[in-house]
Amino acid sequence: MKIAVTGGLGFIGSHTVVELQNEGFEVVIIDNLSNSSEAVLKGIVAITGKTPIFEKMDLREKAAVHNFFKKHNDVAGVIHFAASKAVGESVGNPLLYYENNINTLVYILQELKDLPQANFIFSSSCTVYGQAEVMPITENASIQPAMSPYGNTKQIGEEIIIDVAKATNIKAILLRYFNPIGAHPSAEIGELPIGVPQNLVPFITQTGFGIRQELAVYGDDYPTPDGTCIRDYIHVVDLAKAHVIALQRLLNKQNLDKVETFNLGTGTGSSVLEVIHSFEKVSGQKLPYKIVPRREGDVIEAYANTEKANTILGWKTVFSLDEAMASAWKWEQKIRN
Ligand code: NAD
């Protein structure tokens with residue numbers, strides 16, 4: 001069974017391609033390499049022994065999207081990762097984000113609706129909840145006004161999918177990720193941030209390796225046990241496996257609604273200092289860091305209530321924070337040596 005994976009050479013996409021191939025799916029990757037490299041294919045092959053089909057193309061080109069689905073009209077589903085994801089960049093260049101995250105989605109749905117198997121998995125984010133009032137966060141928590149154009153593209157994306165599913169034969173699952181970290185345990189694939197990492201864990205591993213001088217911890221006076229912000233860090237392999245399960249749910253017609261939504265997290269919140277200590281434990285070295293003033297726009301805490309995903313999808317995370325940090329550190333060392 002053939003599955004199209006957009007952004008399949010990116011961080012989460014590449015790990016999902018591995019899990020799909022391990023489950024026997026044939027994968028066709030679409031990627032324009034704007035935030036990834038063709039070398040990722042080698043890593044996927046090293047782990048799975050199978051080479052996915054790779055179509056290098058830009059999803060912003062409507063005609064190219066049309067031609068792709070004409071050629072691959074036998075796909076049984078699409079997992080849509082391709083997007084731009086840097087929150088700060090989206091504030092400075094909102095049109096890039098609306099074009100790359102919204103136009104591309106529309107073009108794909110326009111083609112998918114005419115296919116016999118119109119199954120769609122969408123990468124959404126816990127940012128849709130903003131600072132939720134109740135922890136852990138359930139899927140019923142209210143959606144808060146987006147704090148960036150990037151966050152807005154996830155909210156608008158979800159709404160578009162809901163509207164389109166009502167009017168067509170498209171069935172979709174919206175997956176709201178918490179904070180994906182780590183790398184494949186083989187260290188054949190992992191996160192490859194371009195420039196200064198936007199996310200905590202690659203910043204930590206780069207600092208541990210000496211590429212960055214020190215980590216800035218934004219605020220230690222938040223109302224949390226150690227004063228630093230709390231997030232739900234999920235190992236990317238756990239996250240990738242959830243996509244395969246969600247896809248199988250649609251393929252097996254087990255979905256209860258045309259659009260279903262699931263939180264994907266561990267259910268446990270970890271503070272920035274806990275993540276630093278986890279790195280120090282698994283790497284056996286001290287991490288240079290300093291406390292700096294709070295950063296605008298950071299929510300205090302966000303961690304998932306995973307009951308819906310645990311019971312309805314029958315999925316739950318298996319990797320600990322230490323295991324995720326160890327895999328991220330192994331990957332950092334591999335790519336630097
Ligand atoms: P990533 O940047 O590593 O992967 C995205 C991939 O899509 C890249 O390989 C990029 O080259 C490709 N791409 C981007 N625009 C494209 C286009 N127009 N045409 C073809 N390919 C294109 O990002 P990721 O961390 O793997 O994230 C995947 C998805 O998950 C994104 O939609 C992101 O918004 C969402 N998400 C990520 C996180 C996170 O912390 N990583 C959290 C929540 C949601």
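The values are calculated or read from the model by the stated rules, or taken from the named source; none is laboratory data. Just so it is clear, the structure is predicted and the values come from calculations on it, not from any experiment. Neighbour counts are summed over all protein chains in view; Cβ atoms, including those assigned to glycine, are modelled from backbone coordinates with ideal geometry. Side chains are part of the model used for accessible areas, which takes the heavy atoms of the whole protein and leaves out ligands, DNA and RNA. Shrake-Rupley method; radii C 1.70, N 1.55, O 1.52, S 1.80 Å.
With the charge dipole of the chain set up from +1 on Lys and Arg Cβ and -1 on Asp and Glu Cβ about the Cα centre, the Cα lying farthest toward the positive end among the listed residues HIS184, VAL134, VAL17 is that of VAL17. Annotation: lysines with alpha-carbon distance below 22 angstrom to LYS113 (same-chain offsets under eight excluded): LYS2, LYS62, LYS70, LYS71, LYS154, LYS166, LYS171, LYS253, LYS258. Take the alpha carbon gyration tensor of region 19-103, find the square roots of its eigenvalues, order them as a ≥ b ≥ c, and report rounded if a/c is under 1.5; if not, report prolate when a/b exceeds b/c, else oblate. Oblate, since a/c reaches 1.5 and b/c is not below a/b.
Rounded to the nearest Hz, the phi-derived 3J(HN,Hα) couplings of region 126-131 under the Karplus curve 6.51 cos²θ - 1.76 cosθ + 1.60 (θ = phi - 60°) are 5, 4, 4, 7, x, 8, where x marks glycine and proline. Across all C-alpha atoms in region 252-337, the radius of gyration and Dmax reach 17.5, 51 Å.
Judged by the mean number of other Cβ atoms found within 10 Å, the most tightly packed of the peptides 98-109, 247-258, 14-25, 295-306 leads the ranking 14-25, 98-109, 295-306, 247-258. The residues of region 242-337 expose on average 50 square angstrom of accessible surface per residue, using a 1.4 Å probe on protein heavy atoms. 3J(HN,Hα) couplings calculated from phi for region 294-304 with the Karplus curve 6.51 cos²θ - 1.76 cosθ + 1.60 (θ = phi - 60°) are, in sequence order, 3, 9, 5, x, 6, 7, 6, 8, 7, 9, 8 Hz; Gly and Pro show x. By the Stokes-Einstein formula, at 0.692 mPa s and 37 °C, region 136-254 with its Kirkwood radius over alpha-carbon pairs has D equal to 185 µm²/s. On region 46-125, 52 percent of the accessible area sits on carbon and sulfur atoms, based on a 1.4 Å probe.
Remark on ILE230: its backbone amide H falls under 5 Å from those of GLU301, ALA302, a criterion applied only to residues 5 or more positions apart or on other chains, H modelled at 1.01 Å from N. With the convex hull drawn around the C-alpha atoms of the chain, the volume per residue stands at 124 Å³. Remark on VAL259: its backbone amide H falls under 5 Å from those of ALA172, a criterion applied only to residues 5 or more positions apart or on other chains, H modelled at 1.01 Å from N.
Report the Cα centroid-to-centroid distance between region 250-283 and region 105-152 in angstrom, as an integer. Distance between centres, Cα-based: 15 Å. Under a 5 Å amide H cut-off, with hydrogens placed 1.01 Å from N, GLY219 pairs with VAL292, ARG294 among residues at least 5 apart or on other chains.
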